[in-house]
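The values are calculated or read from the model by the stated rules, or taken from the named source; none is laboratory data. Worth saying up front: this structure is predicted, and the values here are computed from it rather than measured. Cβ placement follows ideal geometry from the backbone for every residue including glycine, while neighbour counts extend to all protein chains displayed. Surface accessibility is based on the protein's heavy atoms, side chains included, excluding ligands, DNA and RNA. Shrake-Rupley method; radii C 1.70, N 1.55, O 1.52, S 1.80 Å.
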Amino acid sequence: TPSAEKKDEFDPKVYDLKQFDRPKAPYYALAEMTDKLLKPKNVIDVGCANGFTIEWWLKRGVKAFGIEGAKAAFELMSAKVKPKVKLWDLRKPLSLGKTYDLVIFTEVAEHIKRKYEVVMLKNVVGLVGKYLLISWSDKWDDFKGTKR
């Protein structure tokens, strides 16, 4: 269903600051709980948005990186996080040549059209060294006006 507000709702270029102006607390809570359970030495957050989980990990001395497809998200990232994040559209093949103890992939997959799911999943799975933390909604971006 086409979005009421956006021309191509699945293109990362349609996102603006409104989608990334969020509180840090939920992201920090996710990182803290994951750290308690898994104790990763290095982390990559795929679809990291404003980079709050990366910020949390870096403050604790964990090697943390991110991938984000929307340029708008970079405007809200801290100066310490920005250089750790690669701008990348997950609809295109990605090869970083490295795996990570923990790959965080939450609230991202629902932003990708079904025809790109295989590429997206190959990108993510190719990064996994030990753990993959994933959440995938069956709804598409209610905040952008999509009708069910």
Review point. Cβ under 15 Å from residue 129's Cβ, residue 129 left aside: what net charge do those residues give with Lys, Arg +1 and Asp, Glu -1?
Key: +3
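So what is the relative contact order of segment 50-92, in percent, for Cα pairs below 8 Å that sit 6 or more residues apart? List each step's numbers first, then the result.
Details: 46 pairs, mean separation 19.8, N = 43.
Computed over segment 50-92, the figure is 46 percent.
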Study note, to complete from the structure: Sorted list, accessible surface of protein heavy atoms, 1.4 Å probe, largest first, for 34, 99 is 99, 34
